[in-house]
Amino acid sequence: MASEKKAVGVGVIGFGTIGTGVVRVLRDEGASIEERLGYPVRLVRVADLDTRTDRGVRLRKGVLTKDARALINDPKVDVVVELIGGVEPARTFMLEAIAAGKSVVTANKALLSVHGPEIARAAERRGVAMGFEASVGGGIPIIKVLRESLAGDENHEVYGIVNGTANFILTEMSDGHGEFEQVLAEAQAMGLAEADPTYDVDGIDSLHKLVILAAMAFGKRIRPKQVHVEGIRRVSSMDIAYAHEFGYEIKLLAVARDTPEGVEARVHPSMVPRTHLLSQVRGAFNAVCLRGRALGTSIYYGQGAGMMPTATAVVADILDAARNMRYAASHARPQGRAACTAGTMVPAYGRPVRGLHAARVIPMASTSHEHYIRLSVADKPGVLARISSILGKESISIATLAQHEGARRGVVPLVLRTHRAEEAAMSRALGRIARLSTVRGRPVVIRVEEALGSNGRVRADA
Ligand SMILES: NC(=O)c1ccc[n+]([C@@H]2O[C@H](COP(=O)([O-])OP(=O)(O)OC[C@H]3O[C@@H](n4cnc5c(N)ncnc54)[C@H](OP(=O)(O)O)[C@@H]3O)[C@@H](O)[C@H]2O)c1
C-alpha cells in the first residue's frame, strides 16, 4: 500500500498505564492523525517485560516484544517512545535510540530532572527530535507553551499545582472528608494514589517537574538537591480550618522565581489566597502560572495526569517528531545530510543545550515569607508573651493571632500569622519556641503566598 510505505513508524517501550493510552490514541485517532499529517503513523512495536497481561487493547501479531533493544534497532521504527519510568534503563534506551537516528519521546520527569540536558544534547548532535510534553502537567501543553508560544518573552516566575494526587488529597481534606491518612487511603482505593505514595505526597514528583519547568522558563539548570522540598503529610484539617478562617486554601505548590540574586526554587504546602485562581484548582487537576516580562501572568489549567490526558500529550510529541523527520528528509542535501534540522526543529528546551546555564540557587534559609504557625501550648498565663519575645528578638512581627479552642488536658492550639520574615530567622525562633517547657510537640509552619502573581487573582479589582 502506498500510504503504508510513507507511514512513520512508532515503537513504544513500556505497555503500562500511559503506554496503553498511547496505543489507544494511535488506534482510535489514526484517521484524523493521517489527515493532519498527510501520512499515517503506524505502531510498529511495543516492548514490555510483561507480555502476558491483557491491557484491553489488541495488538497485531508480532508487535509485542519483551526486547526493548529489538524495538530500538527495528529499521521500521522512526520514533521511540519511552514509557517505563525511572532512570535506568530508560536513560540508556533513549540514548541508544538517538544514536540509532531515532526521534525520542518520553513522559519521564524523574529521568529528565537529572539527565534531561544530556539526552537533549545527544538529540541535538544527532539532529533528531526529543519530546517531553507529558512529563509536566499531563495533558496541559505547558512545555510547548514555554518552548514555542512564549519564546518571545522573558519568564521570571513559574509556579503552580503540578501533582494531582496531592491536590486531590488536599481538596478532600478541605471539603471536610477526613484527615490525611484517611483521605490518602481513599485516593489509593480510587487508583489516584500509588501503593507507595512517597513521590506524590512528599513533593518529589513536584520537584522533578519544577526542575523541568525552570529549565524551560529561565534557561537555567537546577539540580534537584538544590530545591527545598516539603510534602503534605503534616497538613491537618485543623490547619485547613484556620486557613479558611484567614481566607486561604492550602495547596502543595512548586515555585521558581528568577531574580537578580539567583533562582528561588521550592516545593511545599502553601496558603494560597482564596481570591487567587490556584486556590480553586480542585481534585486531581493541575495548573501552572507563568509570569513574563512582556506578557505578565498567564495560567494553564487541566488534567495533570492519567492515562488518556497524558497519552494525548505523548501522541502530540510523536506527531511533532514525524513532521520534523519528514521536513528534514524532504530538504536533505544531495549528500544525504539533513540541511535544515537546526532551522526547522525547535530544540527540546527551546534553545540549544549549551544555552542552558547552571542556576545560582538562593538557599531556602535566605528567602523570606509570611508564615502561619500553629503551636500546642500549655493553657497558662505568660506563654504568649514568651513566644512573642522570642519572635521579636528575630525581628519577626505577628500579623494575626487566633486561639479559639478551649483547653484539652491543659493544652490549647495557638495560631499566629507573621509578617514577612527570613527563613533562617524563623527557623532559629521556632527552635527556641519548641524548646519552651510550655510548648508541646513540633510547631506546624505553613508559608503564606500573599505575593503570588497578583494578576492570577479572580477579582478584576484585586
Ligand atoms: N501514570 C500517569 O498518570 C503519568 C502521568 C505523567 C507521566 N507519567 C510518566 O509516564 C511513565 C510511565 O508511567 P506509567 O504510569 O505508564 O507506568 P506503569 O504503568 O508502571 O508502566 C510502565 C511499564 O513499563 C514496563 N517496563 C519496566 N521496565 C521495562 C523494561 N526494561 N523494558 C520494557 N518494559 C519495561 C513495566 O513492566 P512491569 O510492570 O512488568 O515492570 C510497565 O508495564 C513514567 O515515567 C511516569 O512518570 C505517568
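Annotations
- In the chain, the C-alpha radius of gyration followed by the widest Cα-Cα span (Dmax) gives 24.8, 89 angstrom.
- The chain, helix-only ellipticity at 222 nm - DSSP H runs n ≥ 4, -39,500 (n - 2.57), divided by all residues, nearest 500: -10500 deg cm²/dmol
- Calculated over the stretch 230-276, the projected area of the Cα convex hull averaged across directions stands at 3.9 nm².
- Distance in nm between pseudo-label sites at R282 and F246 (7 Å out along the Cβ direction from Cα): 2.3
- Antiparallel DSSP beta bridges within the chain, percent to nearest 5: 70
- The charge dipole of the chain, taken about the Cα centre with unit charges on the Cβ atoms of Lys, Arg (+1) and Asp, Glu (-1), comes to about 1020 debye, rounded to the nearest 20.
- Non-local Lys pairs in the chain, i.e. 8 or more apart or on different chains, that have alpha carbons under 20 Å apart: 18
- Shape box of the stretch 181-268 [Cα atoms, principal axes, largest first, Å]: 42, 34, 18
- Evaluated with a Cβ-only charge set (Lys, Arg +1; Asp, Glu -1), the stretch 229-383 carries a dipole of roughly 640 debye about its Cα centre, given to the nearest 20.
- Each Lys and Arg contributes +1 and each Asp and Glu -1, all at the Cβ; summed about the Cα centre of the stretch 41-113, the dipole is approximately 320 debye.
- Anisotropy class of the stretch 225-366 from Cα gyration tensor, a/c 1.5 cut: prolate
- Protection-proxy order for peptides 306-314, 277-285, each taking the mean of Cβ atoms within 10 Å per residue, highest first: 306-314, 277-285
- Degrees separating the helix 307-330 axis from the principal Cα axis of the chain, which is the longest one: 40
Any read-out appearing in this document is the output of simple, stated calculations on the displayed coordinates, not a laboratory observation. These figures come from a predicted structure and were not determined experimentally. Neighbour counts are summed over all protein chains in view; Cβ atoms, including those assigned to glycine, are modelled from backbone coordinates with ideal geometry.
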